[in-house]
Amino acid sequence: MKVYQSNEIKNISLLGSSGSGKTTLVEAMLYESGVIKRRGSIAAQNTVSDYFPVEKEYGYSVFSTIIQTEWLNKKLNFIDCPGSDDFIGGVVTSLNVTDTALILLNTQYGVEVGTHNHFRYTEKFNKPIIFVANQLDHEKSDFDKTLEQLKENYGSKVVLIQYPVTVGPQFNAVVDVLKMKMYRWKPEGGVPEVLEIPDSEIEKAQEYHNALVESAAEHDEALMEKFFDQGSLDEEEMRVGIRKGMLHRDMFPVFCVSAGKDMCVRRLMEFVGNVSPSVNVTEKPQTKDGKEIAPDPNGPTSLYVFKTSVEPHIGEVSFFKVMSGKIKEGEDLLNVNRSSKERISQLFSVAGQIRTKVEELVAGDIGATVKLKDTRTGDTLNAKGCEYDYKEIKYPEPKYRRAIRAVSEADEEKLSEILTRMHQEDPTWIIEQSKELKQTILYGQGEFHLRTLKWRVENNDKIAIEYKEPRIPYRETITKVARADYRHKKQSGGAGQFGEVHLIVEPYFEGMPTPETFRFGGQEYKISVRDTQEIKLEWGGKLVLINSIVGGSIDARFIPAIMKGIMDRMEQGPLTGSYARDVRVIVYDGKMHPVDSNEISFRLAGRNAFAQAFKEAGPKLLEPIYDVIVQVPSDKMGDVMSDLQGRRAIIMGMESEKGFEKLTAKIPLKELGSYSTTLSSLTGGRASFNMKFASYELVPMDIQDKLLKEYEASKKDEE
Ligand SMILES: Nc1nc2c(ncn2[C@@H]2O[C@H](COP(=O)(O)OP(=O)(O)OP(=O)(O)O)[C@@H](O)[C@H]2O)c(=O)[nH]1
Ligand SMILES: [Mg+2]
């Protein structure tokens, strides 16, 4: 493969909802560019892009696959992303290292929730896009509806470059209003005949052509002038205009293909090669300290590793983008994140598993290498003296969680290593050893996401694993003031133990006044604060401890032990053993024994006095509440709403966007256990949602009673 220069390289993300045909399109592109001699298919499980066993098994993409091709003297680096919302991590990674996105549409369905989600990400990353209307040969294909929905959703920025002459199984021709030609294919697709536009189409074609020219002229003053003078632009001028329009996201060109029949794929590649912006004109990446790095081939060598994966038969492969400079085989670089040396012993261009050796890669290009010692996804490798360190990629919050464990305890350690590796590969898998819940919690993007992890661990690593509904991290707190005292006394032979603590507990809130007087059972308790300790609890909320011991009833040296005792119970709340929060404790009196008092006695007295007072103080359980946003096709709104009602959801808002409804709600975590699965089955996979922790709120009384009973029963079981 020849060495390509920055302006000859195009990095493109392939996006679009699951099943729109990205992987099939890649297959056609590889075939046309001569990388493969036969086109594989999803049904035959032999596509280049879905080469992992788990992808063959499930029939959809799980990983983003790098597919590099050469077309008309350009190097087109595609990243075929998984369309399912569960694998959004791949999309985020891909958008970080590419300059343009193709968003495929399945013209059977038009704009889907998945399309819209990916569109939003391109918006967030400010990337130019091209819409590709696919599956035009399908008997249910409806191009007009698809186009109408595109315009409804994304407005007049949507401009047609091509339209199909007919759709359905007889689809074999498109009119290209940029070239003003008709392309027609034989049933096997591939190279088209290029024809004059027939009379029956010329009026329609001219209309779209004019709209396109006008739109292309809008983004450049010189073009605009020429357009006013001559009423038209030549092809090269149109390209310049479209490129500018795309760069500013003012133009979303629409292409027409049948990936399955390999029709119009060559023309799409040509357009991507000629028109879509290359790396040296798009937004520059930034380092952690906000410095912009230009893809300068003569700058210092700097590689950003955006993906690492353990590949069948070869082991770990690192995929990187050359951010600056050039890289040749045999060069030594420094891993900025780990301060370790790495030798780039081999350099490849890749198309799935197909690797082609390359001599040199230049700024802007993407490549792969093997056998790095200690380099992970997100690391930067620099030439000596270069200190570039790129901003970390931000991934979306998880929205599905399960407790995970190895069926055989002997495999636990190995499983833990595998999970760490999995997280490095896909940062949207998050693993937490929860001390609080006494479970390993695996967070992901959805049930599918976790199911593929299970499949891989069981089939590749041969470890049987089990998922369980995870425990909920409840919290405990109090709702009123209470008082208690406790005497700890032990005097059976040897040294005795003695400690007595009197304390008051009250609900803590930000900015509460200093305590003065309390009344319990007709008796008045005057407080004079000697010392206040405010502890920000690791698990959220606060504990405020006030020492108001007067007259030396307890020696100052025992106060820390009392605090420790109270903290013991904060860590293991008196109701259900969950963490407690937002309590103010006033230790106001107690007793000592001249010989038998020691730290342990006061720790126990403090702990028990606190537990007693807590139980008297209207104790309540709090549960985590999440802010949830659901996007749902309008026709499924009723089903989704009634399901939410059964989940104790509080609907905060509802907004209509063309064809979708956006629902905002507050929902307890306990009710979200299998939400992604239910939502998917209610809407045929056409909805999506995200969730984010919002706050802790009181658990309704009936549910609290149930939980307390369960806790009592589990304690009995343990005894
Ligand atoms: N009729 C027809 N079917 C197609 C076409 N393109 C793809 N398909 C079929 O649609 C299904 C999904 O295609 P994929 O290429 O796996 O779609 P994808 O976008 O990669 O899907 P994910 O990997 O799940 O995101 C497969 O059964 C394909 O054979 C097309 O142009 N025409
Ligand atoms: Mg795919």
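In the calculated pair distance distribution of region 621-702, what percentage of Cα-Cα distances lie above 16 Å? Tail of the P(r) past 16 Å holds 48 percent of the pairs.
Hey, what's region 302-382 come to in accessible area per residue, 1.4 Å probe, Å²? Display every interim value, and only then the final one.
Working: 2990 Å² over 81 residues.
Per-residue accessible area for region 302-382 comes out at 37 Å².
For the pair Phe693 and Phe125 in one chain, pulling the backbone fully straight at 0.36 nm per residue adds 202.1 nm over the alpha carbon distance.
At full extension, Lys564 and Ser492 could sit 23.4 nm farther apart than now, given 0.36 nm per residue minus the alpha carbon distance. Across the chain, the relative contact order, built from alpha-carbon pairs under 8 Å that are at least six residues apart, equals 10 percent.
Any idea what the relative contact order of region 16-139 is, in percent, if you count C-alpha pairs under 8 Å spaced at least 6 apart?
Values: 193 pairs, mean separation 32.8, N = 124.
In percent, rounded to a whole number, it is 26.
Modelled this way, with points 7 Å down the Cα-to-C-beta line, the labels at Lys373 and Arg184 are 6.4 nm from one another.
Counting heavy atoms of the protein chains alone, Trp185 has an accessible area of about 10 Å² for a 1.4 Å probe.
Just the number: Rg to Rh for region 282-427, Cα atoms, Kirkwood Rh, two decimals. Let's see the in-between values first.
Numbers: Rg = 17.0 Å, Rh = 16.6 Å.
Rounded to two decimals, Rg/Rh equals 1.02.
Between Gln286 and Asn298, the simple spin-label model (points 7 angstrom out along Cα→Cβ) gives 2.8 nm. Could you tell me what percent of the DSSP beta bridges with both partners in region 476-618 are antiparallel, to the nearest 5? Antiparallel bridges: around 80 percent, rounded to the nearest 5. Normalised size of region 1-134, defined as Cα radius of gyration per 2.2 N^0.38 Å with N residues, equals 1.00. The aspartates and glutamates within cross-link reach of Lys391, meaning a Cα-to-Cα straight distance under 15 Å and a gap of 8 or more places when in the same chain, are Glu283, Asp289, Glu292, Asp379. Would you mind checking region 153-188 for residues with the amide N under 19 Å from a putative spin-label position 7 Å along Cα→C-beta of Val240? Only 178-179 fall inside the zone, counting backbone N under 19 Å. Peptides 583-590, 706-713, 290-297, 125-132 ranked from most to least packed, by the mean per-residue count of other Cβ atoms within 10 Å: 583-590, 125-132, 290-297, 706-713. Here Lys145 is the anchor, and the aspartates and glutamates within straight C-alpha reach of less than 16 Å, apart from those fewer than 8 places off in the same chain, are Glu112, Asp137. Sequence-distant contacts, meaning Cα pairs under 8 Å at least 6 residues apart, place the relative contact order of region 6-275 at 20 percent.
So, with a 1.4 angstrom probe, what is the percent of accessible area on the chain that is carbon and sulfur?
Values: 14770 of 31530 Å².
The value for the chain is 47 percent carbon and sulfur by accessible area.
Show me the ranking of peptides 368-376, 97-105 by mean Cβ neighbours inside 10 Å, starting with the highest.
Values: 368-376: 17.8, 97-105: 24.9.
By packing density, highest mean first, the sequence is 97-105, 368-376.
Against the main long axis of the alpha-carbon atoms of the chain, helix 22-32 sits at an angle near 30°. Taken over region 477-617, the ratio of Cα radius of gyration to 2.2 N^0.38 Å equals 1.01. FRET efficiency for the pair Val407 and Val310, taken as 1/(1 + (r/R0)^6) with r the Cβ-Cβ distance and R0 = 22 Å, rounds to 0.45. Dimensions of region 6-275 from C-alpha coordinates, computed as largest minus smallest value along each principal axis and given longest first, are 59, 39, 37 Å. Taking 2.2 N^0.38 Å as the expected size of a compact globular protein, what ratio does the Cα radius of gyration of region 400-471 give against it, to two decimals? Cα Rg divided by the expected 2.2 N^0.38 Å: 0.99.
Which sequence of Val640, Val3 reflects their accessible areas, 1.4 Å probe, from the largest down? Don't skip to the answer; put the middle values down first.
Working: Val640 0, Val3 40 Å².
Greatest to least solvent exposure: Val3, Val640.
Run lengths n ≥ 4 of DSSP H only: what is the helix-derived mean residue ellipticity at 222 nm for the chain, with -39500 (n - 2.57) per run over all residues, to the nearest 500? Don't jump to the answer; show the numbers that get you there.
On the way: 16 runs with 198 residues, N = 719.
Computed mean residue ellipticity for the chain: -8500 deg cm²/dmol.
Ranked by the mean number of other Cβ atoms within 10 Å per residue, highest first, peptides 213-222, 448-457, 193-202 order as 448-457, 213-222, 193-202.
Here the extension length gained between Lys56 and Ser528 equals 162.7 nm, from 0.36 nm per residue of separation less the Cα-Cα distance.
For the residues His248, His313, His488, a 1.4 Å probe over the protein chains yields an accessible-area ranking, largest first, of His313, His248, His488.
So if I place +1 on the C-beta of Lys and Arg and -1 on the C-beta of Asp and Glu, and nothing else carries charge, what would the dipole magnitude of the chain be about its Cα centre? I want it in debye, nearest 20.
Numbers: 95 positive and 108 negative charges, 439 e Å.
It comes to approximately 2120 debye.
In sequence order, region 613-619 has phi-based couplings of 4, 4, 5, 7, 9, x, x Hz under the Karplus curve 6.51 cos²θ - 1.76 cosθ + 1.60, θ = phi - 60°, and Gly or Pro positions carry x. Taking each of Lys615/Lys716; Lys414/Lys564; Lys526/Lys615; Lys307/Lys435 in turn, the alpha-carbon distance tops 25 angstrom for Lys414/Lys564; Lys307/Lys435.
With Cα atoms as the point set, region 302-382 shows a radius of gyration and Dmax of 11.3, 31 Å.
Holding the Cα-Cα limit at 19 Å, pick out from Lys157/Lys244; Lys2/Lys357; Lys670/Lys706; Lys127/Lys157; Lys454/Lys666; Lys37/Lys328 the pairs that are longer than that.
In this structure, Lys454/Lys666; Lys37/Lys328 lie more than 19 Å apart at Cα.
With a 1.4 Å probe and all protein chains kept in place, how much accessible area does Ser84 have, in Å² rounded to the nearest 10? The value for Ser84 is about 20 Å². Spin-label model, Ser340/Phe520: points 7 Å from Cα along the beta carbon direction are separated by 5.9 nm.
Note that the chain carries a Kirkwood radius of 29.5 Å, evaluated over its alpha carbons pair by pair. Scan region 14-74 for trypsin sites (Lys or Arg not before Pro) in coil per DSSP, keeping those whose Cβ has at most 11 other Cβ atoms within 10 Å, and list them by number. Passing both the DSSP loop test and the Cβ count: Lys37, Arg38.
Computed from the C-beta positions of Lys140 and Gln424, the FRET efficiency with R₀ = 45 Å rounds to 0.65.
The values are calculated or read from the model by the stated rules, or taken from the named source; none is laboratory data. From a predicted model like this one, the values you see are computed outputs, not experimental measurements. Virtual Cβ from ideal backbone geometry, glycine too; neighbours counted across all protein chains shown. Just the protein is used for accessible areas: all its heavy atoms, side chains included, with ligands, DNA and RNA removed. Shrake-Rupley method; radii C 1.70, N 1.55, O 1.52, S 1.80 Å.
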